[in-house]
């Protein structure tokens, strides 16, 4: 028997069976209590009705098949033809029922997936949860959980629901058939099913934890491939192909190794399940055949008992027959449940308490003012700046300088609300009046117009206004590349240099007409002439701005300089 590592043994303890059931209940209840509940319930009622109809047709077919086989054994031609037409009639009834049963199941699963993915995406962006989850130790690869795990969850949930429903119907309708044939047959079936279920759980219980681990390893491998694509140029400059290939092969190896363990446990479980299923083929015949030989039942009853026994046994042996799928499903529920629990929505007071710490914040000011503000890391383990105080109004500017690690960018993160305030007071204008320009701007998928108007593409700017701003920030060469077509869609991350991307960020700033701007080394990739041009435009637009940078030439474009020290002290010159 293959052995798993200690870390893999621990993985099954991450979420108890009770916790997993609770997560499943909350996730499912949210959908059927949502704004789409009426449509979902209609599909569900239709689905359950069709499932009952399919079960009823199966029972009818068992009786028709019994008479059909009996007529063959007796060589009764008229009864044979009559049973044949009835048999064909049940087929004609079963085919459309089966087709619409499957269609309704897929439509409900798609509706559920759409709602659940949209709900998680909404919560993912609410209060910048996507930013907070970057450093989460418990939530890896939220992108995979929202895309693949949601799709697998909705499909599998309905599949298991219908399997359980069909199993219940089969037990109810076919147990009566078996009871009428032989009470002994019912007793053997129940003992056989209970013993088999217990042994299958004992053999295959490790699969839940192993499948959870497999989801994680596959997601890590896929993420590494995406990272190589997004950083292809940097890797090429560094000639880092050997290192990246080694990392990818290592992640692939981890996924393959874990999958090998899963295959080993599936093999062990398969020995038992196949033995269990093959023995089930002969059991009902062994019990009913003597009754036929003594003339107590007709030959059709033998075949009917075998079919009914198989139906009921499959119904009461769900854990055995579906254990491999069930273990993967429960692992997916655990991953979604952990994400669901972590994406608790904050109301305004909770967000303020979570993000602002003990500091006082005014989000409706006409200035930026810090009063004895303490800047700390998000976990509170390190204080970067002590009792920082300054005030900035429109048409004023401040440059933040200091050695690496003194907290220059952290001051901007604190002003932006991305990091909590340790203590002190902060005043800042409303969000629509301020804009932050990072060192590496975010380039979206879309056309050039949407790129320049991000994040508000619906702002009513004419092409002339956009082109005028593009010319001011010296992006005319970019327009030449797209023949001045603002609707041209390109891979802007690879088409534009870093310097051009930084100029796009300034174009966004001027189109947005913000009153305050915060620049985190936003001109680091620009030459001196372009840097001077953009800062001159900032001055002319009467924007109040704070810059973070290392270049001493930046001093000429600012009114004051805030010098930070590693000790947490500071000085304004």
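Only the coordinates and a few stated rules stand behind these numbers; no lab work does. Computed from a prediction, not measured in an experiment: that's the story for all the values here. Using ideal geometry, Cβ is built from the backbone for each residue, glycine included, and neighbour counts are taken over all protein chains shown.
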Taking a crude spin-label model, label points 7 Å out from Cα along the C-beta direction, the residue 476 to residue 529 distance in nm is 1.2
Ranked list, fewest to most other Cβ atoms within 10 Å of each Cβ, for 87, 215 = 87, 215
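Would you mind telling me the antiparallel percentage of the DSSP bridges in the stretch 499-573, rounded to 5? Please report the intermediate quantities before stating the final value.
Working: 3 of 8 bridges.
Around 40 percent antiparallel, to the nearest 5.
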For the stretch 104-223, what is the convex hull volume of its Cα atoms per residue in Å³?
-> 137
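So in the chain, what percent of DSSP beta bridges are antiparallel if you round to the nearest 5? Don't jump to the answer; show the numbers that get you there.
Details: 15 of 35 bridges.
Approximately 45 percent, going by the DSSP bridge assignments.
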Which value, in nm² and rounded to one decimal, describes the direction-averaged projected area of the C-alpha convex hull of the stretch 17-342?
-> 21.4
Folded to 0 to 90 degrees: helix 207-230 orientation relative to the chain principal axis, Cα | 40
Calculate the spin-label point distance for residue 32 paired with residue 183, positioning each point 7 Å from the Cα along the beta-carbon direction, and give it in nanometres.
-> 3.8
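Is it possible to state the helix-based mean residue ellipticity at 222 nm for the chain, with each DSSP H run of 4+ residues giving -39500 (n - 2.57), the sum divided by total residues, to the nearest 500 deg cm²/dmol? What is it?
On the way: 21 runs with 365 residues, N = 573.
Dividing the helical sum by the residues of the chain leaves -21500 deg cm²/dmol.
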What number in nm² do you get for the stretch 96-135 if you take the convex hull of its Cα atoms and divide its surface by four?
-> 3.1
Calculate the spin-label point distance for residue 560 paired with residue 132, positioning each point 7 Å from the Cα along the beta-carbon direction, and give it in nanometres.
-> 3.3
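Evaluate the relative contact order of the stretch 184-275 (contact order divided by residue number), counting alpha-carbon pairs under 8 angstrom at least 6 apart; express in whole percent.
48
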For the stretch 362-479, just list the percent of Cα-Cα distances falling in each 5 Å bin from zero outward, please.
-> 2, 9, 16, 18, 16, 13, 12, 9, 5, 1, 0
Considering only DSSP beta bridges where both residues belong to the stretch 353-572, give the percentage that are antiparallel (nearest 5).
-> 45
How big is the stretch 63-142 by Rg and Dmax over its Cα atoms, in Å?
-> 27.2, 77
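Considering every pair of different Cα atoms, what Kirkwood radius, in Å, is found for the stretch 353-572?
Numbers: mean 1/r = 0.0552 Å⁻¹.
This gives a value of 18.1 Å.
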Options (1) -0.51, -0.64, -1.13; (2) -0.38, -0.51, -1.17; (3) -0.45, -0.57, -1.05 - which one matches log10 I(q)/I(0) by the Debye sum over Cα atoms at q = 0.06, 0.07, 0.11 Å⁻¹ as calculated here = (1)
Post the alpha-carbon centroid distance, the stretch 439-506 to the stretch 202-221, in whole angstrom.
-> 45
Please state, to two decimals, what the Cα-based radius of gyration of the stretch 189-256 comes to when divided by 2.2 N^0.38 Å (N = residues).
-> 1.89
